[in-house]
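The values are calculated or read from the model by the stated rules, or taken from the named source; none is laboratory data. Bear in mind that the values here come from a model prediction, so they are computed numbers and not experimental data. Neighbour counts run over all protein chains shown; Cβ positions are idealised from the backbone, glycine included. For the accessible areas, the whole protein counts, side chains as well, though only heavy atoms, and no ligand, DNA or RNA atoms are used. Shrake-Rupley method; radii C 1.70, N 1.55, O 1.52, S 1.80 Å.
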Amino acid sequence: MAEAAGVAAESLAGCRARAARTVLDQVVLPGEELLLPDQEDGEGSGGAGERPLRLNAAARSRGRVVCGPGLRRCGDRLLVTKCGRLRHKEPGSGSGGGVYWVDSQQKRYVPVKGDHVIGIVTAKSGDIFKVDVGGSEPASLSYLAFEGATKRNRPNVQVGDLIYGQFVVANKDMEPEMVCIDSCGRANGMGVIGQDGLLFKVTLGLIRKLLAPDCEILQEVGKLYPLEIVFGMNGRIWVKAKTIQQTLILANILEACEHMTADQRKQIFSRLAES
């Protein structure tokens, strides 16, 4: 990792703009300006025809580019805002563009618009609930941001309840705002989480690992016991099994999986299956 950071630092010192396709899964540093293959002209890759990533109408015509965590729009440019590995996900239509983000290890969660998180209601102020999401400040949640909620039919939310919702407002200049409904007004699994179960905190990197489509850990955990589980992108997991003992076992397995190899996980799961 240190060698990769050194290479990135040398590249940043020599030329601030780098082609995104050449640094995918490599370390990028704050202040770098990204270039995309879609914006090269006839002079070939890596030459003078490569231009900084532009997010104007001409760029959108080649494919929509979505900026994820670690990247920031600055006018019509795309800048790196934190150190980490650059990741890219192709769009389903295959029309170019896609999602770019910086994968990094950080302790404090920074709210991102669209993230699904688990929060704890800490206070009620008028028609607004204050929810602790693990960020630098609490998020606000309106009582109307629940499915079927009206002025007469208010949701039964008390201080101390666990809330699973998503951010609709999250930027550095405004207070984060949560809702418990999707774009169609449906709860879609969001809302107040049940009273039973266990809430525990893990690293943000482990959450992303568990939510990956090809994650084998959840498949193995699901074979052990029947369970209910909720993942928050803010590093919180809520799990519930039939008994307290099973719930604690599942929580310990999920916490330990981050530092275990695939063979070690198989041994643990096989022992639990036998018992």
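A few comments on the model shown:
- For the range 187-210, the candidate set comprises residues that are among the basic types (Lys, Arg) and at pLDDT below 90; within that set, the residue that is nearest to VAL112 (Cα to Cα) is ARG208.
- The condition (being open to solvent by 40 Å² or more (accessible area, probe 1.4 Å), part of a helix (DSSP H, G or I) and not polar (S, T, N, Q)) is satisfied by just one residue among GLU220, GLU177: GLU220.
Residue-wise test of (1) at pLDDT below 75; (2) assigned to a helix (DSSP H, G or I); (3) outside the structural domain of THR22 (by the TED database); (4) surrounded by 15 or more Cβ atoms within 10 Å (Cβ to Cβ).
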residue	(1), (2), (3), (4)
GLY46	yes, no, yes, no
GLY49	yes, no, yes, no
ARG54	yes, no, yes, yes
ALA58	yes, yes, yes, no
ARG73	no, no, no, no
LEU78	no, no, no, yes
LYS82	no, no, no, yes
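- Selection count where residues are hydrophobic (A, V, I, L, M, F, W, C), over 18 Å from ARG208 (Cα atoms) and buried (at least 19 other Cβ atoms within 10 Å of the Cβ), scope the range 223-248: 1
- Identity of the residue in the range 111-146, at pLDDT 90 or above and among the basic types (Lys, Arg), that ends up most open to solvent (accessible area, probe 1.4 Å): LYS124
- Every pair of residues 6+ apart whose Cβ atoms lie under 6 Å, when the first sits in the range 151-167 and is assigned by the TED database to the domain that holds GLU177 while the second is among the acidic types (Asp, Glu) and surrounded by 17 or more Cβ atoms within 10 Å (Cβ to Cβ): PHE167/ASP115
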